[in-house]
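To keep things clear, I will list the structure first and then write my remarks on it.
Any read-out appearing in this document is the output of simple, stated calculations on the displayed coordinates, not a laboratory observation. No experiment lies behind these values; they were computed from the predicted model shown. Cβ coordinates were reconstructed from backbone atoms using ideal geometry, including for glycine residues, and neighbour counts include every protein chain displayed.
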């Protein structure tokens, strides 16, 4: 079937959050064009079946014609550039399954700075940065940081998903977006120090979406926490790698404080794209992975998380929902984690822990709203003890008043009597 269409695409009101086309100029007055449409969907500029459950499994071709002298950056691999008189046509092609909102391009007076990256599994992949001519002096350091973030993401989530094409970023007039094989970068080289090293949070986060969104895709916007929450947990893993476990714990404690709990992370099975995006799918979703890590332990949690990012039943052509994630982690844990998933993802309730002093040096701890035993750290006179607590209750001996979960592995409410 061939569909012919045309028109003037809508202009982005507030890219990337309210998307469309951006018709901008760089510092030298050259045209600079970008597209964002994650919330609106690619239907705003080409006819498509626009739902996360359905992706073009055979990839896509893009032929983009621009005035001669401008450069087009797209997804996949550049096939050829054909120039006739004062116009050049760029042919970009990806052979991978791709979300519709990633089928787009950027145009600018770009220079391409590149090198070869060797993945964790030994594949050689081009790593490229389409940078405005005015910022060419900043490109090599950005690629250094890109390699740093590649190493961290691959450690936790497995090999870069698109090894047959490229690792790429394009400088854009908006902040950024996770476009497959060609993330949009507009953080203006504003690096922070993490563990004494330069770190670009935006580069790391958007690149993390190559796994969580582009490779592992939720079947409906209702389950958007899988993409945004686990990707945000990957941001915390960067803190852990660069600055250590204590810095990671402080980050997650701040995440807990920032959690709003106004509406559930998962609100049924079908949610429209506009209402899917709110803060808790990022922060609370990431904190839930932090909770799972504590309960399961690193030796069980991290291999299970990597399996979610690498097993064919969850990746590429196959989309996922929250129930798939729960079954995977429950299977690895050997006990059902469904009550935990329900409490923290399908409600706005916090874990309720009841503490009552029963004798001079004895305390009873029990859960009020979670029907499964879980480990809980308890600060006593002899230090922190990890004990199993359930609705029936557990006795703790301490000469001093006990503190529940001092390092904050749970979103919780503790009642003392």
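Once you reduce region 168-198 and region 339-417 to the center of their Cα atoms, the two points are 41 Å from each other. Rounded to 0.05, the FRET efficiency of the residue 394 and residue 349 pair, given R0 = 25 Å and the Cβ-Cβ distance, is 0.75. Altogether, the Stokes-Einstein calculation at 10 °C and 1.306 mPa s, with the Kirkwood radius of region 125-234 over Cα pairs as Rh, returns a diffusion coefficient of 111 µm²/s. Ordering 346, 130 by the number of other Cβ atoms within 10 Å of each residue's own Cβ, fewest first, gives 346, 130. One chain, two ends: residue 386 and residue 115. Fully extended at 0.36 nm per residue, the span grows by 92.8 nm beyond their Cα-Cα distance. In this rough spin-label picture, where each label sits 7 Å from Cα along the Cβ direction, the residue 5-residue 46 distance is 1.0 nm. Taking all Cα pairs closer than 8 Å and separated by 6 or more residues, the relative contact order of the chain comes to 11 percent. In this rough spin-label picture, where each label sits 7 Å from Cα along the Cβ direction, the residue 135-residue 193 distance is 2.3 nm. Computed from Cα positions, the angle between helix 139-157 and the longest principal axis of the chain comes to roughly 40 degrees. Counted residue by residue at 0.36 nm each, then reduced by the alpha carbon distance between them, the extension gain from residue 298 to residue 361 reaches 19.4 nm. The distance between label points at residue 124 and residue 277 comes to 3.9 nm (points 7 Å beyond Cα on the Cα→Cβ vector).
For semi-axes √(5λ) of the Cα gyration tensor in Å, the candidate list reads (i) 45, 22, 18; (ii) 35, 31, 22; (iii) 35, 23, 19; the entry that matches the value derived from this model is (i).
When the chain is treated as a GNM with alpha-carbon contacts under 10 Å, the residue of 85, 124, 155 showing the greatest mean-square fluctuation is 85. Residues 388, 289 in ascending order of nearby Cβ atoms (within 10 Å, fewest first): 388, 289. The spacing between region 16-71 and region 99-115, judged by their C-alpha centroids, is 10 Å.
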